[in-house]
Amino acid sequence: MSHFLRDDRVMSRRTLLRGTGVALALPLLEAMHPRRAGAAAGGAAKRFVSMFTANGTLYPQWVPTGTETDFKLSPILAPLEPNHADLVVVAGLTQQGGGGDGHQNGMSGMLTGQSLNPGPFQGGANTGAAGWANGPSVDQKIASVIGGSTKLRSLELGVQVGVADDWGRMIYQSANQPLTPEDNPAQAFARLFGASGSSPEAFTRARARRKSVLDAVSGQFQAVSARVGARDRARLDEHATALRDIETRLDAQASPSPACISPSAPAAVAGHLSDNDNFPTIGRLQMDILALALTCDLTRVASLQWSRSVSLTRFTWLTPAINDPHHDLSHRGDDDAPAQDKLLRINTWYASQLAYLLGKLAAAQESDGSRFLDSTLVLWSNELGKGNAHSRELAPYVLAGKAGGALRSGRFLSYPREVPHNNLLVSILQAMDIPVAKFGREDWCTGPLTGFI
Amino acid sequence: MTTPPARVGPLCAARDPGGSPLRRLTRIEYARTMDDLVGAGLVDSSRLPPDERALGFANNAEVVSTGGLLVEAYTDLAEAAGDAVAAHAATYASCAATAPDAACAATFAASFGRRAWRRPLSADEQAALAAVYAGGEADGGFSEGIARVTAVLLSSPQFLYRLETGTSATTPTPAPAADLPDAVALTPSELATRLSYLLWGSMPDPALLDAADAGRLVAPADLAREARRMLADPRARTIVTTFHAQWLGIDQLADASKDQIVYPAFTAALSTALTRESARFVEEVVFNREGTLGALLSAPYTFGDLTLASFYGASPPAAGGDLIMLPAAQRAGLLTQGAFLAVYGKANQSDPIHRGRFVRERLFCTTPPSPPPNITVRPPDLNPRLTTRQRFAAHTGDPQCSGCHVLLDPIGFAFEHYDGIGHWRDMEGGQPVDSSGALSGTDVDSALDGVVTLAGDLARSTEVQICYATQWFRFAYGRGETTADACSISDLATAFVAAKGDVRELLVALTQTDAFRYRRAGDLLQ
C-alpha cells in the first residue's frame, strides 16, 4: 500500500529542511509566529471534517439497534466498531433539497441546507434545469469562524469527482460559489507543502515576489472593477477575495506538533487518475493528506468527496468483484437480492474507509497529548436516503469525534422523519461553538436537534 | 437580383444581443493562449481545475466558479511563466540583450502587455507595471523585474477574463446600431478577442491586434473577412473538433469505465484510437471534404489504421493512407462511430434510452421529460436469454413510463446493432437483433431500421440544422439561449440552411449576429 508517511519522526527543523525536497520553511515560521494562536494554552483548536459517499444507503442494514447509549452497530457500520465510543449516529432525518433532480438537489442541499438556484444544468427530473446552491455549506460557515490563520482556509479533496457541475459539488463558499475538490493527491500535497525551494533564502525570495505580484494584481482588480457592470463585478470580486485570502496566509506554514510527522510526497498513482480501479488507492492517499493537513495545522476544515452523486464507480477491488456501476445497482429493487448484497458491500467498504480516517485522527496526538479526534468533528453523509426511490428520507448521518468536548460521543440518536436535516447542521455549528439558531433555508429549519449536545 | 433565403428558426420579432455573462479563459483557452503568448510547452497548466460543464459544453459562463484552488493555480502558473519569459527576455524584447534596464522593461511591458491583455495598455497601466518592475529590479535585478511584470500581467483580470466595456482608452467608441437602442457596440479590441477565442480558442494574432488598433474591425464585413482568414489557419481546426467532442460527449470517453468481463476489448488504446478517429473525421469532413453537417452525420467513410478498420469490419485502408470505407449497411457518420456509441453505452450493455435521448436533446434541441421523482426506476437486469429490447419492454407496457419513453425508445432501439462499446452485433441473447424503430414528431419522421437510415433522415432535416446552429450558439457565446436571442438564432439558422449546412459558413455567421457584436447597455450599469 502506498503510504507516504514513511516514518514516525517528529518533524524537526532539520528533517524538514533536509528531507525529500519538500520544504516547510520552519525557520521563517518560528521567526514570525513563535506560537500559533489556536494551539496555545486553553486546549487544542477545533477541527471539522466532512466526508461524502453517493447513491443512498440500505437503511435497514445501516441503522444501529439499541438505545442512545447502548447500541449495536449495523452490518454497514460494523467496520466502525473500533470507533464505537467516538460515534454519534443520527438516524431518521429527512435531507432537504430543491430544484433540479433528486441527486442534484440532494448533493447541493446536503451540507448547505439550501435549494438550487435556477441555472443551465439540465436535471434528470421534470423540475427542469438548475444552477448552484443558494448558500454556504456548513463547513464553510465553520471555516469563516475558525479558518483564520492556517495556510488554507479549508481543504477540499476528492476521489474521481469527474465533471464540474452541481451533481459533483457539495462545498459552497457562498451562494452560487461552489468550491472545487482537488482530486489529484500529488497536487494536493504540493499545495499544502509547497515547492518553494529548499532554503530559507529561497522561501524569502519567493514570498517577496508573490507579495509584490498579489499587491499589483489586487490593484488591477480594483481598477477594472470600477469599469464593468454589476454582475461582472460580482464575479471579479470573488476572484479578488480569493487573492486577498492567499495574501493573508503567505506566512502561514506547518506548525510542529507531535503528530505532524515528516511528510514526503505521495506515491505516484499508476495509470490515469480517472482509471476506475485507482479509486481505493487515490482515496487512501487523500485521507493520508487530509490527516496530515489537520495534524500539521495547515487547515482546520477539510472535506473528502468520494466520487459524485450518481456515482458510476465499479467496486472491482472487492471480493467477489462488483462490476456493475454503483448507480445502476442503487436503482435495483428491494427484492433484488444480488444487488442488495452488492450495495451492502459497497456501503460497508465506505464505512471501512471512514474507519481508516478516524483511526489516523485517533492515533494522532495533540501537543497536550490528547487525540486529534477529540478536538475534531467528522460528518459522513450521502446525497440520498434510499437510492432506488431517489428518496431523501431516512438519510444516513454518521458523526465522529468530540468537537473538543462539546459533543458526547458513543451515541445513537433517532429522530422522526419530519425533522429536517438543517437542524443537524445547526447542531453541528453549535458544537463548533458557532451560536446560530438556524442554518440554510429558513423554512427548512426549526432549530437545533433536540438532545444532540 | 437574388431572393433572400427563407428564414428558419425562431420568429425574430425584436433585435436584442441577449446577456453577456463575464467569460474567463477556459482550461483549453488558457493553455493555448500560454502557448501562443509565452511559447509552446513552456507553461504546464494541466493542474488547473476542470471547467464547469452545462448544456454539454465546458465553457458556460453562467456557472463559472472561482475559489482558492483556482486562484492559487493561476498565481503559480503566472509566476512560472514569468520565470520562463525572464530566462529568455530577449526573445520578447530585443533590448534585453543589449540594454537590460528600466527603459527596456517598459518596452517589454508595453509590447508583451498588449498581447497578454489583447489591447494597448493605458498610461496608468504602464506606470503600475513600471512600479512592479522597480520592486523586482531592487530585489533581484532585471530578470526578477521582468518575471514579476509578466506574472502580474498573467494574473490580472485583463488576461484571465474577457472584460468588455464597449469603451477604450485608445480607439473611438463605435456608434450603437439605430434599431438596437439598448445595446452597446463592442470596441474593435473586444471584437478581436471574441473572434480569436471563437475561432481559435486562443489570443488574437498580430494581424488581428493590428486590425483592431487601426479601427479596421468594426463593420460586419470586417468581421467576416477576418473570420475567413482565421478559418484557414490550423488553429480553427482544433475549435471545430473541440465543439464536436463536447457536443457528442466524446471528450468524456477517456474517463468512461467499462466492465472488463463483458467488454475485454475496451482498452485504453481502443478508447484513445476511437477519440482520435472522431476528431480526425470531423476535421477532414469540415475542412477537406464536403464541409457539411449532413456529411458529418452520414458519411460512408472514416479514418484510421488497420486496427480501427477491423473494429468496424471494414477493408483495411489503402497503403499509405488512412481512409476507411465503412460497411454501407452498418455504419454512416458520427452516430455510428465507436467513440459516440461507447460514451452512450453502459458499462456492461448498450443504452437505447440515452442514445434516443441524445438524438432528441442534442440533435433536435428538445428536452424529453424525465422519470417522475420518487418512482423506482429499475433498469432491467442483464439476462443472457433476452435482447435489450425485450428487457426494456416494461417501458411500453407501464403507462407511467410509456408516455415519455415513446419519444426515446423507438429511436434508441434503432441503435441496437451496436453494443456498449460500439461493436456491431447481429445476435443478442441468442436471438437476431431487431433494430427497427421510428422517428416521430420531427420534420423527417420515418420508420427506422438501424442507424444508417436514421443518419440519412437526420442529414436532411432542417430542424437538426437549426438545432446544430443553436448548439454552436451555446458553445460560441458560452451561454444558453433565451427567448431574447430569437433573432440571433434565426440569423444563424437561416445562414446555415442557405449555405446547405456548410459548417465553416456557420462559423462565419456566428461573427455576424447581434449576440456577437453587441452587449446590452443594462449589463454595463454599475
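The values are calculated or read from the model by the stated rules, or taken from the named source; none is laboratory data. Computed from a predicted structure; not experimentally measured. Using ideal geometry, Cβ is built from the backbone for each residue, glycine included, and neighbour counts are taken over all protein chains shown.
What to note about this one:
- A:Thr299 fulfils the conditions (1) out of contact with any strand residue (DSSP E or B) (no Cβ under 7 Å at 6 or more places or on another chain); (2) at pLDDT 95 or above; (3) in a loop (DSSP other than H, G, I, E, B) except for a single criterion, (1).
- Residue identified as in contact (Cβ under 8 Å) with a residue 12 or more places away in the chain and part of a loop (DSSP other than H, G, I, E, B) among B:Ala265, B:Ala236, B:Ala245: B:Ala265
- Residues located in the stretch A:129-151, provided they are surrounded by 23 or more Cβ atoms within 10 Å (Cβ to Cβ) and outside any loop (DSSP other than H, G, I, E, B): A:Ala130, A:Ala133, A:Val138, A:Asp139, A:Gln140, A:Lys141, A:Ile142, A:Ala143
- Remark: B:Arg119 matches the filter, which requires a residue to be of a type in the set (Lys, Arg) and crowded, with 23+ Cβ neighbours inside 10 Å.
- Test: residue in the stretch A:65-81 that is buried (at least 17 other Cβ atoms within 10 Å of the Cβ), assigned to a helix (DSSP H, G or I), modelled with pLDDT of 95 or more and not charged (D, E, K, R): yes
- Among residues of the stretch A:169-190 being more than 7 Å from chain B (Cβ to nearest Cβ) and assigned to a helix (DSSP H, G or I), the one that is farthest from A:Ser381 (Cα to Cα) is A:Ala190.
- Out of A:Asn105, A:Asn83, sole residue that is within 14 Å of chain B (Cβ to nearest Cβ) and in contact with a strand residue (DSSP E or B) (Cβ under 8 Å, 6 or more places away or on another chain): A:Asn105
- Which numbered condition A:Gly135 misses (of (1) at pLDDT 95 or above; (2) within 14 Å of chain B (Cβ to nearest Cβ)): (2)
- Within the stretch B:282-306, the set of residues being in contact with a His (Cβ under 9 Å, 6 or more places away or on another chain) and within 17 Å of B:Leu341 (Cα to Cα) comprises B:Val282, B:Leu296.
- A:Ser212 being surrounded by 18 or more Cβ atoms within 10 Å (Cβ to Cβ), small (Gly, Ala, Ser) and more than 10 Å from every other protein chain (Cβ to nearest Cβ): no
- Within the stretch B:1-114, helices (runs of 4 or more DSSP H) holding 2 or more residues that are within 26 Å of the chain's Cα centre (by Cα) and modelled with pLDDT of 95 or more: B:27-37, B:68-87
- No other residue among A:Phe439, A:Phe412 is closer than 19 Å to A:Asp86 by Cβ, more than 18 Å from the chain's Cα centre (by Cα) and either modelled with pLDDT of 95 or more or not small (Gly, Ala, Ser) (or both) apart from A:Phe412.
- Selection count, the stretch A:248-279, where residues are more than 10 Å from every other protein chain (Cβ to nearest Cβ) and in contact (Cβ under 8 Å) with a residue 24 or more places away in the chain: 21
- Of the helices (runs of 4 or more DSSP H) entirely within the stretch B:282-361, those holding at least 2 residues that are in the same structural domain as B:Pro264 (by TED's automatic domain parsing) and closer than 27 Å to B:Asn383 by Cβ occupy B:338-343, B:352-358.
- For the residues A:Glu393, A:Glu418, the requirement of being outside any helix (DSSP H, G or I) and touching a Lys or Arg at 6+ places or on another chain (Cβ under 6 Å) singles out A:Glu393.
- Some residue of the stretch B:94-104 being buried (at least 17 other Cβ atoms within 10 Å of the Cβ) and in contact (Cβ under 8 Å) with a residue 60 or more places away in the chain: no
- Of all residues in the stretch B:197-211, none satisfies being more than 12 Å from chain A (Cβ to nearest Cβ), over 30 Å from B:Ala58 (Cβ atoms) and either touching a Leu at 6+ places or on another chain (Cβ under 9 Å) or buried (at least 18 other Cβ atoms within 10 Å of the Cβ) (or both).
- In the set A:Arg314, A:Arg249, A:Arg300, only one residue is farther than 17 Å from A:Asp183 by Cβ and touching a Pro at 6+ places or on another chain (Cβ under 7 Å); that residue is A:Arg314.
- Residues that are crowded, with 24+ Cβ neighbours inside 10 Å and over 29 Å from B:Gly249 (Cβ atoms) were ranked within the stretch A:152-168; the one that is nearest to the other protein chains (Cβ to nearest Cβ) is A:Arg153.
- When B:Leu274, B:Leu253 are checked against the criterion of being of a type in the set (A, V, I, L, M, F, W, C) and within 20 Å of B:Ala54 (Cα to Cα), a single residue qualifies: B:Leu253.
- Count - residues of the stretch B:20-58 that are aliphatic (A, V, I, L, M) and within 14 Å of chain A (Cβ to nearest Cβ): 7
- Near pairs, Cβ below 6 angstrom, 6+ apart or cross-chain, from the stretch A:156-184 (within 21 Å of A:Asn278 (Cα to Cα)) to any residue that is of a type in the set (Lys, Arg) and surrounded by fewer than 24 Cβ atoms within 10 Å (Cβ to Cβ): A:Val163/B:Arg53; A:Ala164/B:Arg53
- Any hit, the stretch A:309-321, residues being aromatic (Phe, Trp, Tyr), surrounded by fewer than 20 Cβ atoms within 10 Å (Cβ to Cβ) and free of Cβ contacts under 8 Å to residues at least 60 places away in the same chain: yes
- Selection within the stretch B:157-196: residues that are free of Cβ contacts under 8 Å to residues at least 12 places away in the same chain and among the hydrophobic types (A, V, I, L, M, F, W, C). The member of this set that is surrounded by the most Cβ atoms within 10 Å (Cβ to Cβ) is B:Ala175.
- For A:Ser303, the criteria (1) out of contact with any Ser or Thr (no Cβ under 9 Å at 6 or more places or on another chain); (2) within 14 Å of chain B (Cβ to nearest Cβ); (3) small (Gly, Ala, Ser) hold in every case but one, which is (1).
Yes or no, residue by residue, for (1) in a loop (DSSP other than H, G, I, E, B); (2) in contact with a Leu (Cβ under 8 Å, 6 or more places away or on another chain):
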site	(1), (2)
A:Ile246	no, yes
A:Gly271	yes, no
A:Thr281	no, no
A:Gln305	no, yes
A:Phe315	yes, no
A:Leu329	no, yes
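- Selection count where residues are more than 7 Å from chain B (Cβ to nearest Cβ) and closer than 17 Å to A:Tyr172 by Cα, scope the stretch A:215-239: 2
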